[in-house]
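To start, the structure under review is shown below, and the notes come after it.
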Amino acid sequence: MMQPDIKKLVAYSSVSHLGFVMLGLFVFNLQGTQGGIYQMLNHGLSTGALFLLVGMIYDRRHTRIIEDFGGLWKPLPIFSALLLVVTFSSIGLPGLNGFVGEFLILLGMWTSTAVDHPWIVTMLAGTGVIWAAVYMLWMLQRVLFGTTTNPDNARLRDLDTRELGLLMPLLFLMLFMGVYPRVFLDRSKPSVETIRNRV
């Protein structure tokens, strides 16, 4: 939460996502393992898009320190809207890809026979979802909202066509995977069941 560098904050959120992946694989039931696989795909999309957006703003301001920003919504409305959606995807907002993987992992842990009291582990893992939302939303508040205190921020140019072309396929996949995950889950189910039967 106290990380001043936006890129390092995204990197630490990446570690949090991979912790969920490990929990899903540890559970080793159908929901948990499929959730872990799905979360790996989600992580590649959401964190990749976050790093792209951080790189785009760094290219304009040559700083990654959160305090150097603030009030970016006015000069950069398209960038701000996309950062908002990608951050929501990263923290697992329902309707976006991050929710499906985290939900399956928590569901798999809740029904697990790998530990004596799975509800305790599920609740502890659930706090990770809450803390991720806290530090990512706090970052959004400090970067996008409020008054534009730095005059350098007021003169920034918004995303161009090339940058939008990079981000739009990722945004489409985030929405598609959040609304219709069955396409991916049906393809991974036979492999997951085969591995579970062999072990």
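When nucleic acids and ligands are ignored and a 1.4 Å probe is applied, PHE69 ends up with an accessible area of around 10 Å². Summing -39500 (n - 2.57) over the DSSP H runs of n ≥ 4 in the chain and dividing by its residue number, what mean residue ellipticity at 222 nm do you reach, to the nearest 500 deg cm²/dmol? Estimated from H runs of four or more residues: -25500 deg cm²/dmol.
Per residue, how large is the accessible surface of segment 48-129? Use a 1.4 angstrom probe and give square angstrom. Walk me through the numbers before you get to the answer.
Working: 3650 Å² over 82 residues.
Accessible area per residue: 45 Å².
At the residue level, LEU170 shows approximately 40 square angstrom of accessible surface with a 1.4 angstrom probe and all protein chains present. Residues of segment 9-39 with an amide N closer than 20 Å to a point placed 7 Å from the Cα of ASN197 along the Cα-to-Cβ direction: 28-35.
Per residue, the convex hull spanned by the Cα atoms of the chain amounts to 110 cubic angstrom. Calculation over all alpha carbon pairs of segment 1-58 in 5 angstrom steps from 0 returns a P(r) of 4, 19, 24, 19, 14, 10, 6, 2, 0 percent.
Using only Cα atoms, locate the centre of segment 33-61 and the centre of segment 120-199, then give the distance between them in Å, rounded to an integer. Segment 33-61 and segment 120-199 have Cα centres separated by 6 Å. The accessible-area ordering, largest first, of the residues LEU25, LEU53, LEU106 stands as LEU25, LEU106, LEU53, per a 1.4 angstrom probe.
Obtain the radius of gyration and the Kirkwood radius of segment 140-199 from its C-alpha atoms and give Rg over Rh. Walk me through the numbers on the way to the answer.
Details: Rg = 20.9 Å, Rh = 16.0 Å.
Ratio of gyration radius to Kirkwood radius: 1.31.
Rounded to the nearest 20, the size of the Cβ-charge dipole of segment 1-133 about its Cα centre is 340 debye, with Lys and Arg at +1 and Asp and Glu at -1. State log₁₀ I(q)/I(0) for segment 29-99 at q = 0.14, 0.19, 0.27, 0.28 Å⁻¹ as given by the Debye formula over alpha-carbon point scatterers of equal weight, solvent excluded. Here the Debye-derived log intensity ratios amount to -0.51, -0.80, -1.22, -1.26. Expressed as a whole percent, the accessible surface of the chain that belongs to carbon and sulfur atoms is 67, based on a 1.4 Å probe.
Shape analysis of segment 93-153 yields a ratio of the Cα radius of gyration to the Kirkwood radius, Rg/Rh, of 1.23.
The values are calculated or read from the model by the stated rules, or taken from the named source; none is laboratory data. Note that the structure is predicted; figures quoted are calculated from it, not measured. Positions of Cβ are generated from backbone atoms using ideal geometry, with glycine treated the same way; all protein chains shown enter the neighbour counts. Note: accessible area is taken over every heavy atom of the protein model, side chains too, but ligands, DNA and RNA are not part of it. Shrake-Rupley method; radii C 1.70, N 1.55, O 1.52, S 1.80 Å.
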